[in-house]
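First up is the structure itself, then whatever we jot down about it.
The values are calculated or read from the model by the stated rules, or taken from the named source; none is laboratory data. The structure displayed is predicted, hence computed values, not measured ones. Don't worry about glycine lacking a Cβ; one is built from the backbone with ideal geometry, like all the others, and counts go over all protein chains shown. The protein model used for the area step is the full one, side chains on, heavy atoms only, and it has no ligands, DNA or RNA in it. Shrake-Rupley method; radii C 1.70, N 1.55, O 1.52, S 1.80 Å.
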Amino acid sequence: MLLVHPLFRSLSLLLLLLFSTPFLFAQNCGCDHVLTGLSATNVNIIQASNFNYAPGDVFCVQADTIAGLRFIGFEGTPQAPLVFKNCGGKVVIDEGTYSGIDFQRSAYIHLTGTGDAQHVYGFEVMHTGNGSMGANVGYLSSDFEIDHLEIHHTGFAGIMAKTDPNCNDTMTWRRNGYVLRNLRIHDNWIYETEGEGMYLGYTGGYKVASNKICNGDTVFGHWLEEVEVYDNRLENCGWDGIQVNLVRENGHVHHNAIVNPGRADQTFQDFAMSIGGGEYRIDANFMYNESDTFPGQGIQVISGQSGTVLSNNVLVDLQGNGFFVHPRHRLDDPNEGFYFLQNTIIRPAAAGILYNSTITTDLDPGQVGSRQDDVPCYWHNNLVVNPGRDYASGSTWKDEAESYLDFNNKSTRDSLVGFISHNLLTRQMDTLGLADTLALDFRPANGASAVVDQGLDLTWADIFYDLDGVIRPQASGYDIGAYEYEVVTGVATELSGIRVSPNPVRDVMQIHSPVPLVEIYAVDLLGRIHHFPTNHSQIDWHGMAPGIYLLTLVPETGAKVSFRILRP
């Protein structure tokens, strides 16, 4: 039998009455177990030992406004995870002391807000206690999928997944084998957090050094494996937008939108992304500050490992460097460093990319202070526009080129210069032929754009798509930057009778077309496709996030007409 932790008992928290028989309201939700009678004033502790459940069972939370949910000891299987979802409408969680949704000692769990077709985000965590999270994958938990949650005004992070090493609990130490595996976090909307939007993995120590000392013994936090973070929107986070650490295998962060990170202006905690201690692919993310006075910086990669790829990302008006990369310790493969490929970096306050090769920590103290100049890193097909750095006017060894692609020392630059090519570095954005830079659309406007067909062939680096999912290359060569100009045949520009209104649109848009339409879809800045029904003459934009969309209407002729749409 699983017991309630003594801390929970001492806090006199409510152990709620649970029902295992589905109620009538939940029949259409496909529920095996219904959680009802939940408290709106005390955190709800839900013990697995109170249920007779099987792998693959569905637990439904009845739509209501409630206090926090704490799940303890639930475990599905790899083939049949347990599903926790809302039912009958939106579940709103207002928790004044603890985290909004918290899992402890649990595995093979799918937490999803897709239980109600009327709401994109079926769980809304609207408030948590000081230092607490919107959703938490806690003590020795693993194998989680989290999606379609709206999380805001949290006391700390929006979503957290980690178990910090504890001197009194050796099971939490890396050496004893616990690994958080198979973590998928997608399609969530997180905003106005006190701390990070997402905080995944321990940050007190990476590979060589740790700040956790237990009775004179250096202790490290656990590894993560198979982590994918995608299709999330994060806005106005107090600290980093997305922080991911210690993913030693297959860390993939892609197609996320991060707006105004680091609003609390906390030193070293104000990045759009902070990535550390592992090998990653950071691909097709869109990040920007709405004002150049906002403190949010770009992406930092610290103590990263050989083979980390940063590709197809767009960074706009961020403080500091677009990318700041510092391995800190010796890379695990002396023949492979980092890959900076196909990124679009607009108006960074410092340089576009800064690479620091100096070793600052190592098992061999004799290595500290040396540089990894001979480990090849690759800079290809990046577009960097108008950086804040202006080395050409100074008196250092750095020149205009380092205003865009910067190095901490001359020897590193000279050693790696042969791995740098086909980047477009300019202070003249108006000459590039981009679609609509004022609307944050940095796609090539047409085939005559200065970025089209000017890049290096990167099939060897497995670059086959752009941020929108357009196949690369489209014509005679790769385009420079995060977007490939799509060569489309049969575009029906002559069908001037097709139009839409209003634009900008907040709610409903009218379609005016002299011919029947067989398909209507919109593509957002992250390349995600949103389909609309074609059986009526209007488009309902309720539930669509604010932003820029490319709306495409396909007549039965097979041609198509596209419109740039603003939803404020």
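Annotations
Residue by residue, here is whether (1) open to solvent by 60 Å² or more (accessible area, probe 1.4 Å); (2) over 25 Å from residue 254 (Cα atoms); (3) small (Gly, Ala, Ser); (4) modelled with pLDDT of 95 or more holds:
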position	(1), (2), (3), (4)
178	no, yes, no, yes
182	yes, no, no, yes
187	no, no, no, no
193	no, no, no, yes
199	no, no, no, yes
216	yes, yes, yes, no
222	no, no, no, yes
226	yes, no, no, yes
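- Within this structure, residue 406 fails the test of being more than 20 Å from residue 323 (Cβ to Cβ) and in contact (Cβ under 8 Å) with a residue 40 or more places away in the chain.
- Every residue from segment 340-364 that is open to solvent by less than 10 Å² (accessible area, probe 1.4 Å), within 22 Å of residue 425 (Cβ to Cβ) and part of a loop (DSSP other than H, G, I, E, B): 342, 343, 348, 350, 351, 352, 357
- Tallying residues that are in contact with a His (Cβ under 8 Å, 6 or more places away or on another chain), β-branched (Val, Ile, Thr) and open to solvent by less than 10 Å² (accessible area, probe 1.4 Å) within segment 268-316 yields 2.
- Pairs are defined by a Cβ separation below 6 Å, a sequence spacing of at least 6 or placement on different chains, a first member in segment 417-444 that is in a strand (DSSP E or B), and a second member that is open to solvent by 60 Å² or more (accessible area, probe 1.4 Å); the pairs so defined are 444/485.
- Among the residues of segment 166-176, not one is open to solvent by less than 10 Å² (accessible area, probe 1.4 Å) and of a type outside the set (Val, Ile, Thr).
- Scanning segment 370-387 turns up one or more residues that are in a loop (DSSP other than H, G, I, E, B), within 21 Å of residue 326 (Cβ to Cβ) and without any contact (Cβ under 8 Å) to a residue 40 or more places away in the chain.
- Residue match in segment 117-135 (condition: out of contact with any Cys (no Cβ under 8 Å at 6 or more places or on another chain), open to solvent by 20 Å² or more (accessible area, probe 1.4 Å), free of Cβ contacts under 8 Å to residues at least 24 places away in the same chain and over 20 Å from residue 238 (Cβ atoms)): yes
- Residue within segment 307-325 that is over 19 Å from the mean Cα position of the chain (by Cα) and assigned to a loop (DSSP other than H, G, I, E, B) present: yes
- Residues located in segment 384-396, provided they are surrounded by 13 or more Cβ atoms within 10 Å (Cβ to Cβ) and not basic (Lys, Arg): 384, 385, 386, 387, 388, 391
- Index of the failed condition, residue 218 passing every other in (1) in contact (Cβ under 8 Å) with a residue 24 or more places away in the chain; (2) farther than 24 Å from residue 258 by Cβ; (3) of a type in the set (Ser, Thr, Tyr): (1)
- Meets criteria (in contact with a Phe, Trp or Tyr (Cβ under 6 Å, 6 or more places away or on another chain) and charged (D, E, K, R)) for residue 317: yes
- Lone qualifier among 144, 103, 74, 156 - being more than 25 Å from residue 192 (Cα to Cα) and crowded, with 21+ Cβ neighbours inside 10 Å: 74
- Residue check, residue 337 in a loop (DSSP other than H, G, I, E, B), open to solvent by less than 10 Å² (accessible area, probe 1.4 Å) and over 24 Å from residue 391 (Cβ atoms): no
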